[in-house]
Amino acid sequence: MIMKTYNRFEIEFVKGKGCYLYDNEGEKYLDFVAGIAVNSLGHCHPELVKTLKTQGESLWHISNLYYNKSQKELSEKLIKLSDHQSVFFCNSGTEAVEGALKVARKYGKKTNSSKILYFNNSFHGRSLGALSVTGREKYQKDFKPLIQGTQSIPFNDKEKFAESIGDDVCAVILEPIQGEGGINPIDSDFLSYIKEKCDAHNALLIFDEVQCGIGRTGAFYAYQIYDVVPDVICLAKGLGGGLPIGAFIVNKKADVLVPGDHGSTYGGNPLVTSVSNVLIDIVSKQSFLNQITEKSKYLKKQLEKLKAKKDSIVKIKGIGLMIGIEVTTDVKAIVKDALDNKLLIVNAGKNTIRLVPPLTVTKEEIDHFVNIFETLIE
Ligand SMILES: *Cc1c(COP(=O)(O)O)cnc(C)c1O
């Protein structure tokens, strides 16, 4: 028996291609969940499949006691696209956050600080460390005591932030666009203010781009949408296109880990990094990123038209292909109705429908989505 930690739908998928999934009865579904922003090139992208097959016949896994070519290549690509210095590979978003928290605490040893600030409504993962900076009481309450020295503060609230930041803070962690919490982009002047205060108090700024990174916003890294460069970036989800990979990237200031400080058996193994390399080559092309921005504009325009017609739609939120539709009605019921109409969508928070389709979604697929969604919202 599988442990009952999820409320699953009574459906079983057996195949995926592009933006579509097929269940065990051969029914076809339009997938605007994409494994929750994971299948960034859709299902079974031919170039990823080709790489997986070729790599599968040459080398899967070796210990991180040795170098492997694709891990090296991937680190070079990720660094070249960033303003940063080095990368650590792990296997998930939670692990990327855990690593970033360790960087923060080690950095704090030099500055005699240890407090980590995080935001209400944030989501950073389920392990005890990541959960300690996840601003959802619902997720934290049954697992206390969590790690010490963390403090939650309101999102997009300068005054509250000013009251909390001080020389005792070693890091601030945030999602540039809160995903799980309801698709809430951070205000850019709030973000600039945080950056200024972090620098003044010698605290690291950590961006959790696990959901919003790797092209999702129309920029390769989400921070590139804003004018603020973080010290640490956490990545996962879209980085592997479906293979389990995570990473955290640091600048010179945050490059504090030395041999023995951190490790991962599987992290960055040849199989996952070979696929990620090909994915990065595709997603980082400026023409590909520009298409994301164009598709986002098109989708938002259609949604704004719907909003003008339907009172139940309150707000269209988000950046790039990470879009939230805030509604007055029960989101769970809409998600269930959508499934019955062969459309996969997922909620984010209580009243927001989250759209995180494959970045390869076409205009026709967007139209198909809008047609189904319009009937659901009736
Ligand atoms: C999904 C998510 C995580 C956790 O990632 P896992 O791969 O599930 O461990 C962390 N942060 C953000 C912003 C996420 O969306």
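Bear in mind that the values in this text are calculations on the coordinates, not laboratory data. Because the structure is predicted, anything quoted here is derived from the model rather than measured. Note that each Cβ is placed from the backbone with ideal geometry, even for glycine, and that neighbours are counted across all protein chains shown.
If contacts are Cα pairs under 8 angstrom and at least 6 residues apart, what is the relative contact order of the chain in percent? Spell out each step's value before the answer.
Details: 772 pairs, mean separation 87.2, N = 378.
After rounding, I find 23 percent.
Can you list residues whose amide H is under 5 Å from residue 42's amide H, if they're 5+ apart or on another chain and H is modeled 1.01 Å from N?
For residue 42, the qualifying residues are 359, 360.
Can you compute the helix-only [θ] at 222 nm over the chain? Use -39500 (n - 2.57) per DSSP H run of at least 4 residues, normalise by all residues, nearest 500 deg cm²/dmol.
The per-residue figure over the chain is -11000 deg cm²/dmol.
Could you tell me which residue out of 289, 49, 192 lies farthest along the dipole of the chain toward its positive end? Charges go on the beta carbon: Lys and Arg +1, Asp and Glu -1, centred on the Cα centre.
With unit charges placed on the Cβ atoms, the residue in question is 49.
Taking the Cβ of each residue in 217, 265, 362 as the centre, tally the other Cβ atoms inside 10 Å and list the residues starting with the fewest. Don't jump to the answer; show the numbers that get you there.
Details: 217 27, 265 9, 362 15.
Listed from fewest to most nearby Cβ atoms, that is 265, 362, 217.
Set Lys and Arg Cβ to +1 and Asp and Glu Cβ to -1, take the dipole of region 254-378 about its Cα centre, and tell me which of 313, 366, 346 lies farthest positive.
Working it through, the farthest residue towards the positive pole turns out to be 313.
For residue 58, project a label point 7 Å along Cα to C-beta. Then give me every residue of region 270-291 with its amide nitrogen under 18 Å of that point.
270-282
Can you tell me the dipole magnitude for region 115-274 around its Cα centre, using point charges on the Cβ only (Lys, Arg +1; Asp, Glu -1), in Debye to the nearest 20? The partial results should precede the final answer.
Values: 14 positive and 19 negative charges, 99 e Å.
So the magnitude is around 480 debye.
Take 66, 29 and order them by how many other Cβ atoms sit within 10 Å, fewest up front.
On the way: 66 7, 29 20.
Result, fewest neighbours first: 66, 29.
Which whole-Hz couplings ³J(HN,Hα) result when phi for each residue of region 108-117 is put into the Karplus expression 6.51 cos²θ - 1.76 cosθ + 1.60, θ = phi - 60°, listed in order with x for Gly and Pro?
Once rounded to whole Hz, the list reads x, 4, 6, 9, 6, 9, 8, 6, 10, 8.
What does the charge count around residue 22 come to, taking other residues whose C-beta lies under 11 Å from its C-beta (Lys +1, Arg +1, Asp -1, Glu -1)? Mind dumping the intermediate values first?
Details: positive: 15, 17, 28, 342; negative: 12, 23, 25, 27, 31.
Surrounding charge for residue 22 is -1.
Name the shape class, rounded, prolate or oblate, that the alpha-carbon gyration tensor gives for the chain, where a ≥ b ≥ c are the square roots of its eigenvalues, rounded holds for a/c under 1.5, and otherwise prolate holds if a/b is larger than b/c and oblate otherwise. Show your work: numbers first, answer last.
On the way: a/c = 1.67, a/b = 1.21, b/c = 1.38.
Note, shape of the chain comes out oblate.
Using the crude model of +1 on Lys and Arg Cβ and -1 on Asp and Glu Cβ, and no other charge, please compute the dipole size for the chain relative to its Cα centre, in debye to 20. Can you show the working numbers first?
Numbers: 47 positive and 45 negative charges, 52 e Å.
Here the chain has a charge dipole of around 260 debye.
Under a 5 Å amide H to amide H cut-off, with H placed in plane at 1.01 Å, what residues pair with residue 246 once short-range neighbours are removed?
Counting only residues 5 or more places away or on other chains, the set is 90, 91, 92, 268.
Over the chain, what is the percentage of antiparallel beta bridges among all DSSP beta bridges, to the nearest 5? Mind dumping the intermediate values first?
On the way: 31 of 49 bridges.
Counting only bridges with both partners in the chain, antiparallel ones make up about 65 percent.
With r as the distance between the Cβ atoms of residue 304 and residue 86 and R0 = 35 Å, compute the FRET efficiency 1/(1 + (r/R0)^6) and round to 0.05. Walk me through the numbers on the way to the answer.
On the way: r = 42 Å, r/R0 = 1.20.
For residue 86 and residue 304, the calculated efficiency is 0.25.
Can you give the charge dipole size of region 263-374 about its Cα centre, rounded to the nearest 20 debye, using +1 on the beta carbon of Lys and Arg and -1 on the beta carbon of Asp and Glu? Intermediate results must be reported in sequence, preceding the final value.
On the way: 17 positive and 12 negative charges, 72 e Å.
Taking the Cα centre of region 263-374 as origin, the dipole is about 340 debye.
If the viscosity is 1.002 mPa s and the temperature 20 °C, what translational diffusion coefficient in µm²/s does Stokes-Einstein give for region 277-371 when Rh comes from Kirkwood over Cα pairs? Kindly include the intermediate steps, with their values, before the conclusion.
Details: Rh = 14.1 Å.
The calculation lands on 151 µm²/s.
Over the alpha-carbon set of region 185-285, divide Rg by the Kirkwood Rh and report the Rg/Rh ratio to two decimals. Spell out each step's value before the answer.
Values: Rg = 14.9 Å, Rh = 14.9 Å.
My calculation puts Rg/Rh at 1.00.
Based only on other Cβ atoms within 10 Å, what is the fewest-to-most ordering of 126, 105, 216, 8? Working shown, then result.
On the way: 126 14, 105 18, 216 28, 8 9.
Least to most surrounded, the residues fall as 8, 126, 105, 216.
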